Amino acid sequence: MRAIIWASAIIFSVGILSFTQIHSVDAVDDGWISLFDGKTLDGWTPRGSATWSVENGVMTGVSKGGQGHIYASPELTDLEVKGEFRIVSKERSANSGLYFRANPPKDNPDGYPEGYEAQICHSQDAYTGWLWKPGTPTGKASKLLSKDGEWFSMRVLAVGNQLRIWVNDELVMTYEDDEYKKGFITLQCHNEGMTVEARNMYYRDLGK
């Protein structure tokens, strides 16, 4: 009986140690905060014609009548944002983007955001990983590492005028620009007949 109790105590202690180790790793994860709860669109504001939903931890944007964007609530200056994304086209080529320091145009809140965009598109020259400013490809990505119908990861770092984009953990774009200094993280559903999905989205506020 004593042997059983001693074995149980060891198992319990190992369990506590394992939990402590895991917790300590999470605790030093440098302030990553989830952008959505995996169940609802709480904290997000949709604009434009796309429709947005969340199911099984995945945010989905579907465009049936034109482009649309959805804005996360934190307004940020220096920041880091990361997530996993997938785009699918049923008609014309799918086109999306992860915006940062972005704001709705004052004269047309449903229009294209004014801010930076980490491009998500696999069918044009200025492809996934390029930095875009409104309507203009700006910072060239070194290579295309993703394609339609497959999940890929993207991470963006913006500190001062230093802008960087990683795709599938590979740095593909480095650029200096200081036109946009403050705004929101935004996801785009660009054209009719496409779907964009996002999951495991996190951000860090580096401007505090």
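Read-outs throughout are calculated quantities, based only on the coordinates presented, and are distinct from any laboratory measurement. Everything numeric here is computed off the predicted structure, so don't read it as measured data. Heads up, the Cβs are rebuilt from the backbone with ideal geometry, glycines too, and the neighbour counts pull from every protein chain shown.
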Item to check | Longest exposed-site-free window of the chain, the sites being chymotrypsin sites (Phe, Trp or Tyr not before Pro) in a DSSP loop that have at most 16 other C-beta atoms within 10 Å | outcome: 33-150
Checklist entry - Classify segment 33-205: rounded, prolate or oblate, from the alpha-carbon gyration tensor (a ≥ b ≥ c, eigenvalue square roots; a/c under 1.5 rounded; otherwise prolate if a/b is larger than b/c)? => result rounded
Next on the checklist: With unit charges on the beta carbons (Lys and Arg positive, Asp and Glu negative) and the dipole taken about the Cα centre of the chain, which residue among Thr77, Gln67, Ser146 sits farthest to the positive side?
Outcome noted: Ser146
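Given contacts defined as C-alpha pairs under 8 Å and at least six residues apart, what's the relative contact order of segment 156-208, whole-number percent?
Worked out over segment 156-208, it gives 21 percent.
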